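K.L.:
Before I ask anything, here is the structure I am working with.
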């Protein structure tokens, strides 16, 4: 009579220990000890992005007489999508950190922000081609944010979002969210720097993640979501799943023990 009670106790303990707690599944949890019906001030730390080799820039010129600047603006094909248009008509940063524009020639943009590049292009145009009265207006943007999602994610792969600002939460949402078996407490961001790559970590289960300097992703980031230990154990993601799995194992063991004891 001892065996059934022991087996039931083992099933209960195993189920509790193997299922994934809600705290590891909930995004951006508040600290209840610090927050009491008050406004939360979130200081989002995002440094201006500095252009790297392989980036694609979109440079557009406008003026009172638009015909004066048409030559400088690339003409996209109507048969391509917006994303493809940026790829074919944008200005790629080569391995020397230069872009090559019509008439203006090569300009080094490596390590500069889009605002700094806009100032360089504008100054060069005013010095060599236009007068102040032309009222030229230059816009320089990144041709989208290209990043890679791998690991425990709904839709892994290389993504490109046509935006200037993209948070890691938005990137995850665009990739089908993290399943129950993914580790939200230690999302890894591998970021490109002029001297190489660096690995950063962010815990998306706490509200403090929104104050992290890595909350907003940058072009060429790789976001890695590793699996929780429960997946490798194969015990199930919820209490019911774990109970069913372990009950099956215990039942098989009990049957085996009973058969041997009767021999």
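The values are calculated or read from the model by the stated rules, or taken from the named source; none is laboratory data. A quick note: this is a predicted structure, and the numbers were derived from the prediction, not measured. All Cβ positions, even for glycine, are placed from backbone atoms using ideal geometry, and neighbour counts span all protein chains on display.
K.L.:
Only one of (1) surrounded by fewer than 12 Cβ atoms within 10 Å (Cβ to Cβ); (2) in the same structural domain as residue 29 (by TED's automatic domain parsing) is not met by residue 132, so which one is it?
P.N.:
(2)
K.L.:
Of all residues being surrounded by fewer than 16 Cβ atoms within 10 Å (Cβ to Cβ) and within 31 Å of the chain's Cα centre (by Cα) in segment 54-70, which is nearest to residue 132 (Cα to Cα)? Just the residue, please.
P.N.:
Filtering first and then ranking leaves 60.
K.L.:
Looking at segment 121-138, which of its residues are on the phi < 0 side of the Ramachandran plot and in contact with a strand residue (DSSP E or B) (Cβ under 9 Å, 6 or more places away or on another chain)?
P.N.:
121, 122, 124, 125, 136, 137, 138
K.L.:
Tell me the strands (runs of 3 or more DSSP E) entirely within segment 139-236 that contain at least 2 residues that are crowded, with 20+ Cβ neighbours inside 10 Å. Reasoning before the result, please.
P.N.:
Details: elements: 145-151, 157-161, 187-193, 196-202, 222-225.
Output list reads 145-151, 187-193, 222-225.
K.L.:
Okay, moving on. Please enumerate the residues belonging to segment 108-118 that are surrounded by 14 or more Cβ atoms within 10 Å (Cβ to Cβ) and assigned to a helix (DSSP H, G or I).
P.N.:
If the condition is that a residue be surrounded by 14 or more Cβ atoms within 10 Å (Cβ to Cβ) and assigned to a helix (DSSP H, G or I), then 114, 116, 117, 118 are the ones that fit.
K.L.:
Also, quick follow-up: Please work out if residue 172 is touching a helix residue (DSSP H, G or I) at 6+ places or on another chain (Cβ under 9 Å), modelled with pLDDT of 95 or more and under 30 Å from residue 227 (Cα atoms).
P.N.:
Details: touching a helix residue (DSSP H, G or I) at 6+ places or on another chain (Cβ under 9 Å): no; modelled with pLDDT of 95 or more: yes; under 30 Å from residue 227 (Cα atoms): yes.
No: the conditions fail for residue 172.
K.L.:
Now for a different question. Of the residues in segment 124-138, how many are part of a strand (DSSP E or B) and without any contact (Cβ under 8 Å) to a residue 40 or more places away in the chain?
P.N.:
The total comes to 0.
K.L.:
Between 220, 226, which is on the phi > 0 side of the Ramachandran plot and in contact with a strand residue (DSSP E or B) (Cβ under 8 Å, 6 or more places away or on another chain)?
P.N.:
220
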